[in-house]
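Input: a single structure, listed below in structure tokens.
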DNA sequence: GTGCCGTCTGCATACGTGTGCAATTTAATT
DNA sequence: AATTAAATTGCACACGTATGCAGACGGCAC
């Protein structure tokens, strides 16, 4: 009962055709109806499945997409991974996951490994690419899409939410809520995402003749965000509202405000996050936050990547997707403010 | 500047040796010191990297480990994925991730896909294998390790925490805390993990002459767990303590108790979870829970899998790792109870 | 110098598939 | 019916590596 490796040659023999005929049937090239039928039947009988590795050897392109991600403790990323993987599976691709700490050397090593596997494309999430690496991928004909992060030097596709607009929208919201001392715990300055949100936010305040009482880089890290909260609230002019660069840090901020400093949210301090991860909707936090539309971002990422795989000449594009502000209980909602 | 694919043949030419010599140097076979040196030098100069796909074609085994996982919203799994991926990367392996809803057909399809890639091994997390599938993997010489789930029909390796003992320990803890009406929202009955915890818990209560006032299957799902909470608390004899089958559901239980039913934890109801995901330590929940030692579980999983890859004759083993009860604020801690 | 053994090396082939090319069949057109 | 164009098919080779086999080489003992 040993069903040893059954190859296209076995199928060919049983179907009474040549091996190339079998190959053509399974790779979608043209073949006469009766050939197709004979081959399909024989393949079915023998339990034949084309060997994707051999296929990749020939074509130089595997059906594997490399996903590079720095960390998975921020709930946004595992969810993105889940959706990306599902969407790509539906298209016949599979996802090779690489963890890469966000330093240059590690990313370089990882990208080399990926190129060894002749991946059809690369998605980076929460991880930066150097321009040099970008170029080498381009040279190797491997399209790259950055997910939830952009890059200034052009030539690379990216999918993000409309971070500048989002930051501005939150500024408007907090001003309209009557807050007078507004602080910002920013995302990591080394990321476009963090910078853009901050810029939109500061500009939005400026448009109302205000400026933040404090801006501290939280590095997308809970502990650093907690310390930033202590610093902001212990000064002579403690904030009455804090915009936090993502939900993951916002939870730490709320924990610190309520548990450690004994303050009420939103009575004493309003808190607004960014992402709208599922946890933000849970009763314990009930976080007002700007939603990043995960499904549409994933969809755009897959479309862009597969598009570039199918047509290597297609130019890179930066896609920004707008998201709504989700009103919950962690911030005062101005009268008549609509969802 | 076009650094086209550089193959072992190019290296061979430049080093003045045969292609087989190059192959032997990079696959660890024997070669004279001067050959090794010449080859290494030429390879370095040309930027040669062995092609893992071609290598896999020949040997029939790639350096890829398939990881099958059902969902990533329970924080325990992304963390496991992160650690597993890192540990395997250190050993020169890479992780191909497959999402598989927990029904038989989907898992089967996924495993077939994995076998097509000639993976060196498979790890399943939060996903069940049928005995038939197990056998087919064994036939194909692909070792499988189930992570955080066991299987009754032997012949397959698994790594779990000591779930029965853990359940019993929680029973002792709640009894010692003076609770009189203890309920259990169980994990999915279709999983060994859920069943074992429940069994240990019920037996532990019985050893103290008690029995649970309610047992409801929460299916590891937030919404179902929330409904179970309502049911348990709305009866004529509401519980004064609830053991929840994992942290993920326990958070929903706490949200429901506090937000919806207006009860205090632990004053009105003690809540104990299972896993000790990072979120359990956050101030908003501060959940007393039994820790699954993630690092040691990952370590054991990798060891077991690589062991079986290295020595196919090695018998399968079921590893259970004990974890401590982590005392926090969501449950009354009995006098003198030690961490 | 001869014989033997152990190590190293190159040659050739295999892994399972895709694809250019030429030969052949089929359909379409005059 | 004859001619031409199109569609299909088989042959052979390529992708990049590992490995069995046999020959070459060096060292050692007699």
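The values are calculated or read from the model by the stated rules, or taken from the named source; none is laboratory data. Given the structure is predicted, the values throughout are model-derived calculations rather than measurements. In this analysis, Cβ positions are derived from the backbone assuming ideal geometry, glycine residues included, and neighbour counts consider all displayed protein chains.
What number of residues in the range A:88-98 are closer than 18 Å to residue B:95 by Cα and more than 9 Å from chain B (Cβ to nearest Cβ)? Steps first, please.
Residues of the range A:88-98 that are closer than 18 Å to residue B:95 by Cα, as a first pass: A:88-89, A:92-98.
This time we only want the ones that are more than 9 Å from chain B (Cβ to nearest Cβ), so: A:88, A:92-93.
The total comes to 3.
Output the number of residues of the range B:78-98 satisfying the condition of being surrounded by fewer than 23 Cβ atoms within 10 Å (Cβ to Cβ) and within 20 Å of residue A:277 (Cα to Cα).
2
Which of the residues that make up the range A:179-192 are closer than 12 Å to residue A:163 by Cβ and either touching a helix residue (DSSP H, G or I) at 6+ places or on another chain (Cβ under 6 Å) or modelled with pLDDT of 95 or more (or both)?
Once the filter is applied, which keeps residues that are closer than 12 Å to residue A:163 by Cβ and either touching a helix residue (DSSP H, G or I) at 6+ places or on another chain (Cβ under 6 Å) or modelled with pLDDT of 95 or more (or both), the range A:179-192 yields A:186, A:187.
Hey, does the range A:269-289 have a residue that's within 11 Å of chain B (Cβ to nearest Cβ), without any contact (Cβ under 8 Å) to a residue 40 or more places away in the chain and either touching a strand residue (DSSP E or B) at 6+ places or on another chain (Cβ under 6 Å) or buried (at least 24 other Cβ atoms within 10 Å of the Cβ) (or both)?
Step one: filter the range A:269-289 for residues within 11 Å of chain B (Cβ to nearest Cβ), giving A:277-279, A:281-287.
Add one more test, that the residue is without any contact (Cβ under 8 Å) to a residue 40 or more places away in the chain, and what stays is A:282-284.
Keeping just the survivors that are either touching a strand residue (DSSP E or B) at 6+ places or on another chain (Cβ under 6 Å) or buried (at least 24 other Cβ atoms within 10 Å of the Cβ) (or both) gives none.
Within the range A:269-289 (the criterion being within 11 Å of chain B (Cβ to nearest Cβ), without any contact (Cβ under 8 Å) to a residue 40 or more places away in the chain and either touching a strand residue (DSSP E or B) at 6+ places or on another chain (Cβ under 6 Å) or buried (at least 24 other Cβ atoms within 10 Å of the Cβ) (or both)), the answer is no, since none of the residues qualifies.
I need a count of the residues in the range B:32-63 that are closer than 13 Å to residue B:6 by Cα and either in contact with a helix residue (DSSP H, G or I) (Cβ under 6 Å, 6 or more places away or on another chain) or surrounded by fewer than 17 Cβ atoms within 10 Å (Cβ to Cβ) (or both). Spell out the reasoning first.
Residues of the range B:32-63 closer than 13 Å to residue B:6 by Cα: B:42-51.
Filter once more, keeping what is either in contact with a helix residue (DSSP H, G or I) (Cβ under 6 Å, 6 or more places away or on another chain) or surrounded by fewer than 17 Cβ atoms within 10 Å (Cβ to Cβ) (or both): B:42-50.
Of the residues in that region, 9 qualify.
Exactly one condition in (1) touching a strand residue (DSSP E or B) at 6+ places or on another chain (Cβ under 6 Å); (2) in contact (Cβ under 8 Å) with a residue 24 or more places away in the chain; (3) crowded, with 23+ Cβ neighbours inside 10 Å is not met by residue B:146; state its number.
(2)
May I ask you to verify whether residue B:218 is in contact with a strand residue (DSSP E or B) (Cβ under 7 Å, 6 or more places away or on another chain), crowded, with 16+ Cβ neighbours inside 10 Å and free of Cβ contacts under 8 Å to residues at least 60 places away in the same chain?
Numbers: in contact with a strand residue (DSSP E or B) (Cβ under 7 Å, 6 or more places away or on another chain): yes; crowded, with 16+ Cβ neighbours inside 10 Å: yes; free of Cβ contacts under 8 Å to residues at least 60 places away in the same chain: yes.
When the stated conditions are applied, residue B:218 passes them.
Taking interchain pairs and intrachain pairs at least six residues apart, which have beta carbon atoms under 7 angstrom, with the first residue in the range A:16-35 and under 17 Å from residue A:47 (Cα atoms) and the second within 8 Å of DNA strand C (Cβ to nearest atom) and in a helix (DSSP H, G or I)?
Partner pairs satisfying both residue conditions: A:19/A:8; A:19/A:9; A:22/A:8; A:22/A:11; A:23/A:8.
For residue A:185, state whether it is within 29 Å of the chain's Cα centre (by Cα) and over 18 Å from residue A:326 (Cα atoms).
Details: within 29 Å of the chain's Cα centre (by Cα): yes; over 18 Å from residue A:326 (Cα atoms): yes.
Criteria met by residue A:185.
Looking at the range B:1-83, what helices (runs of 4 or more DSSP H) fall wholly within it and have at least 3 residues that are within 9 Å of chain A (Cβ to nearest Cβ) and within 16 Å of DNA strand C (Cβ to nearest atom)? Spell out how you get there, then give the answer.
On the way: elements: B:8-15, B:19-26, B:33-46, B:52-59.
In the range B:1-83, B:52-59 are the helices (runs of 4 or more DSSP H) which contain 3 or more residues that are within 9 Å of chain A (Cβ to nearest Cβ) and within 16 Å of DNA strand C (Cβ to nearest atom).
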